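Colleague: Below: one structure in structure tokens.
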Amino acid sequence: MKRVMVNVPASPNETTDRFEAFFREHYSSLWRYVARRVPQSKADDVVSASFIVAWEKYSTVESPSIAWLIRIASFEIANVRRKQGRERRSSIYVVHEEIAAPTRDDFDGSGVRSAMASLSESDQEILRLVVWDELSRDDVAQVLDLSTNAVNVRYHRALQKLERSIVVPHHIYPLKETPDGK
């Protein structure tokens, strides 16, 4: 949904000042969002491209928000993925960055990572937006172009699927024995 300002346009300096404040407020959140979805070496480029598009559209949007910015970034991420796909198909070597190995700890997150990987891409995305990116359900609805009710239903279902998929190693949380020893 595109909202166009109908009041008197702001002066160029006022628009620049407001955008600079918007940039400062949302840069780190957007960077974290992007870095979880593209190789680290591409994150800065995607964030930069997203803010360029945001700047070009800033004066036409009634109330720019992090949800609006993430939606812009999602299109930039899709562009990066399409470009990588074309490069792979044309046999150009693409470097995949490794995720750092977890530190030696009782809980290494492998069960959660495995459970997340078993979910559909849309279920993963809605969980990431709500839990990791800490967006409100209204903001998620704006990012995904859904109603808030649809977001609530999809989030609840995705969370249930995730819970059913998590396998916790027994050495961390041993199974309780029943009183009869079984």
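We did not get these values from a lab; they are worked out from the coordinates using the rules stated. Here the structure is a predicted model, which is why all the values come from computation and not from measurement. Every residue, glycine among them, receives a Cβ derived from its backbone with ideal geometry; neighbour counts consider all protein chains shown.
Colleague: Under a point-charge model restricted to the Cβ atoms of Lys and Arg (+1) and Asp and Glu (-1), what is the dipole moment magnitude of the range 120-171 relative to its Cα centre, in debye to the nearest 20? List each step's numbers first, then the result.
Modeller: Working: 6 positive and 9 negative charges, 63 e Å.
Roughly 300 debye, rounded to the nearest 20.
Colleague: A further question on this structure: What FRET efficiency do you get for Gln40 and Ser147 if R0 is 41 Å and r is their Cβ-Cβ distance, rounded to the nearest 0.05? Mind showing how you got there, number by number?
Modeller: On the way: r = 34 Å, r/R0 = 0.84.
The pair Gln40/Ser147 has a calculated efficiency of 0.75.
Colleague: Here's a follow-up. Take the alpha carbon atoms of the range 16-61, find their center, do the same for the range 142-160, and report the distance between the two centers in whole angstrom.
Modeller: 24
Colleague: Please give the FRET efficiency for Glu134 paired with Arg157, using the beta carbon to beta carbon distance and R0 = 25 Å, rounded to the nearest 0.05.
Modeller: On the way: r = 20 Å, r/R0 = 0.80.
Plugging the Cβ-Cβ distance into 1/(1 + (r/R0)^6) gives 0.80.
Colleague: Quote the FRET efficiency, to the nearest 0.05, computed for Ser48 versus Ser118 with a Förster distance R0 of 35 Å and r equal to the Cβ-Cβ distance. Don't skip to the answer; put the middle values down first.
Modeller: Numbers: r = 34 Å, r/R0 = 0.96.
The pair Ser48/Ser118 has a calculated efficiency of 0.55.
Colleague: How do 126-134, 112-120, 64-72, 148-156 rank on mean C-beta neighbours within 10 Å, highest first? Working shown, then result.
Modeller: On the way: 126-134: 17.8, 112-120: 13.7, 64-72: 20.1, 148-156: 15.2.
In descending order of packing, they fall as 64-72, 126-134, 148-156, 112-120.
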